[in-house]
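Below: the structure, in structure tokens.
The values are calculated or read from the model by the stated rules, or taken from the named source; none is laboratory data. What you see is a predicted model, and the numbers here were worked out from it, not measured in a lab. Heads up, the Cβs are rebuilt from the backbone with ideal geometry, glycines too, and the neighbour counts pull from every protein chain shown. Just so you know, the surface numbers come from the protein's heavy atoms only, side chains and all, with ligands and any DNA or RNA stripped out. Shrake-Rupley method; radii C 1.70, N 1.55, O 1.52, S 1.80 Å.
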Amino acid sequence: MIANRIRAWVQRAGVGGGGGLARLICVICMLLLLSGCWDLRYLDKLGVVYAVGIDPDPSGKQELQLTVQVVLPQNVASESKGSGGGPTVTTFTETGDTVFEAIRKMSTKTSRRLFFSHTQMLIISEAMARRGVYPLVDLIERNPDIRTDMQIALTRGTSARKLLQTTTQMESIPVNQLREMIEVNEEAYATNYATYVKDITRLAGKGGEQGVIPSLRIEGDKSAGNKADNITSIPAEAVPSLASMGVLKDGKLVGFLTSKQSRGLAWLKDKVKNTVVKVACPESEGYLTVEVQNAKRLYKVKQSGDGKPIIEAELLLTGGIQEIMCPGVKVMEESVLEQIGELASQTVKSEAEEAIRVLQKDIRSDALGWGKEIYMHKPSLWKRVEAEWDTEFSSVQSNIRCKTKISSSGIRSESIVE
């Protein structure tokens, strides 16, 4: 069919002329370049890698130990049919001085070429992250076959290898559960939020902003995590769970925040989508719960009389009362709702200020991105403080204002608690 079209075109163009012949040669050359199968790779010849874990080499002979979690498609298919054909993933582990070297050395253990275009997560152990994260993501940034929008996470109290070998009950492919745990927490509670490889690699730009990465641990019997009984027992003997956010400085892990401090950072990074704030009852013992349904952070950069930067942050929240565990709260009265909103604002402000204190005084890392805000809003001021920003950041003044509007109190008007 293509040949007939070329023949017809040649007849219309007139091959006899020199111009027609030249055009014919050009067309043939272009057809040779349009071959669509030059890099064809068959799926049954590939080992699809869903997660990569990096630890220090336990033997100390080389720089790192690499573990990949590879999907077993034949078992995934049988599980979807209810026949239970064995584990849905397997792992391969190898050591090397670089990530790429370790990947190629794995060819001695697998019958399929490892394929990284569908990799969902990069997990780095705490010990490895303290050495430095940037060298570990260089391959991902350079290689066009590897996605930079994969999530990145740290481990606490366990190795990346052990975490990737832990079976999960909620999701048949373990890394899917790890990834979605972070996403669900970000949507519902905000003590952790997703960080992607591309978020880390972009931090080499102006402003001195430092990275933060969520962390994972294993609760229960770590040695039972890779056994089939871990899936069939209720509850599972080993369960992966979220910890809190780890803070980087110049690409190296320098400390962890607590869960409350992690959410304080999330308020200031404008990462909170929905969460729960517990406040003391206005005029009695007990607590009530406010669900924050919308949160917005606004930054302003000012300058003091002696030329120092001042950061002003305004947190605007909207929420509703979801639970009352104290008597006599008259939520039908506007003044009471305003009082509850003020109490919620005080709690949120306290979390944000605690995150600032820890980052400025203890960890000393600008994970808040204040340097970037100064660079964007007052570039002349940033030129003066850029060279000394590492020390300047710890003394930057900040003012936090928070306003919470309570928009609803549920379908019940008064407290059921006596």
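Quick notes on this structure:
- Qualifying residue in the stretch 240-253 (condition: of a type in the set (Val, Ile, Thr) and farther than 27 Å from Val277 by Cβ): no
- Filtered residue count, the stretch 137-169, keeping only those that are touching a helix residue (DSSP H, G or I) at 6+ places or on another chain (Cβ under 9 Å), open to solvent by 10 Å² or more (accessible area, probe 1.4 Å) and outside any loop (DSSP other than H, G, I, E, B): 5
- Any chance Ile182 is in the same structural domain as Ser244 (by TED's automatic domain parsing), surrounded by 14 or more Cβ atoms within 10 Å (Cβ to Cβ) and within 23 Å of Val247 (Cβ to Cβ): yes
- In the stretch 239-264, the residues that are within 23 Å of Lys162 (Cβ to Cβ) reach residues that are aromatic (Phe, Trp, Tyr) and not in a helix (DSSP H, G or I) with C-beta atoms within less than 6 angstrom, at least six apart or across chains, in these pairs: Ser244/Phe256; Gly246/Phe256.
- Considered as a group, the residues in the stretch 272-305 that are polar (S, T, N, Q), over 32 Å from the mean Cα position of the chain (by Cα) and open to solvent by less than 80 Å² (accessible area, probe 1.4 Å) include one that is nearest to Thr404 (Cα to Cα), and that residue is Ser284.
- Meets criteria (open to solvent by 10 Å² or more (accessible area, probe 1.4 Å) and under 30 Å from Thr168 (Cβ atoms)) for Lys269: yes
- Subset of the stretch 314-344 [in a helix (DSSP H, G or I) and under 16 Å from Ala266 (Cβ atoms)]: Ala344
- Against the list (1) at pLDDT below 95; (2) within 17 Å of Glu171 (Cβ to Cβ), the condition Thr91 fails is (1).
- Annotation: of all residues in the stretch 391-406 being touching a helix residue (DSSP H, G or I) at 6+ places or on another chain (Cβ under 9 Å) and not hydrophobic (A, V, I, L, M, F, W, C), the one that is nearest to Met332 (Cα to Cα) is Lys405.
- Some residue of the stretch 120-131 being out of contact with any Leu (no Cβ under 7 Å at 6 or more places or on another chain) and either open to solvent by 70 Å² or more (accessible area, probe 1.4 Å) or free of Cβ contacts under 8 Å to residues at least 24 places away in the same chain (or both): yes
- Out of Ser398, Ser394, Ser380, Ser365, one residue alone is farther than 19 Å from Gly264 by Cα and out of contact with any Cys (no Cβ under 6 Å at 6 or more places or on another chain). It is Ser380.
- Considering Lys349, Lys308, the condition of being open to solvent by 50 Å² or more (accessible area, probe 1.4 Å), closer than 30 Å to Leu381 by Cβ and either without any contact (Cβ under 8 Å) to a residue 60 or more places away in the chain or not assigned by TED's automatic domain parsing to the domain that holds Trp382 (or both) is satisfied by Lys349 alone.
Okay, residues lined up against (1) under 30 Å from Lys252 (Cα atoms); (2) modelled with pLDDT of 95 or more:
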{"site": "Glu291", "(1), (2)": "no, yes"}
{"site": "Arg297", "(1), (2)": "yes, yes"}
{"site": "Ser335", "(1), (2)": "no, no"}
{"site": "Gln346", "(1), (2)": "no, yes"}
{"site": "Glu353", "(1), (2)": "yes, yes"}
{"site": "Trp370", "(1), (2)": "yes, yes"}
{"site": "Glu386", "(1), (2)": "yes, no"}
{"site": "Thr391", "(1), (2)": "yes, no"}
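- So Gly319, is it surrounded by 15 or more Cβ atoms within 10 Å (Cβ to Cβ), in contact with a helix residue (DSSP H, G or I) (Cβ under 8 Å, 6 or more places away or on another chain), in contact (Cβ under 8 Å) with a residue 40 or more places away in the chain and more than 22 Å from Gly211 (Cα to Cα): yes
- The residues of the stretch 218-227 that are open to solvent by less than 60 Å² (accessible area, probe 1.4 Å), not hydrophobic (A, V, I, L, M, F, W, C) and not in a strand (DSSP E or B) amount to a single one, Gly225.
- Test: Gly341 is touching a residue at least 12 places away in the same chain (Cβ under 8 Å) and either of a type in the set (Lys, Arg) or in contact with a helix residue (DSSP H, G or I) (Cβ under 9 Å, 6 or more places away or on another chain) (or both): no
- Scan the stretch 86-110 for residues that are without any contact (Cβ under 8 Å) to a residue 24 or more places away in the chain and out of contact with any strand residue (DSSP E or B) (no Cβ under 6 Å at 6 or more places or on another chain) and the total you get is 5.
- Filter result for Thr195 (surrounded by 18 or more Cβ atoms within 10 Å (Cβ to Cβ), closer than 22 Å to Ser223 by Cβ and among the hydroxyl-bearing types (Ser, Thr, Tyr)): no
- Per-region count, the stretch 228-249, residues more than 16 Å from Thr191 (Cα to Cα), surrounded by fewer than 16 Cβ atoms within 10 Å (Cβ to Cβ) and of a type outside the set (A, V, I, L, M): 4
- Conditions (1) in a helix (DSSP H, G or I); (2) under 24 Å from Val76 (Cβ atoms); (3) more than 14 Å from the chain's Cα centre (by Cα): number failed by Asn176: (3)
- Total residues in the stretch 159-179, condition closer than 16 Å to Met245 by Cα and not aliphatic (A, V, I, L, M): 1
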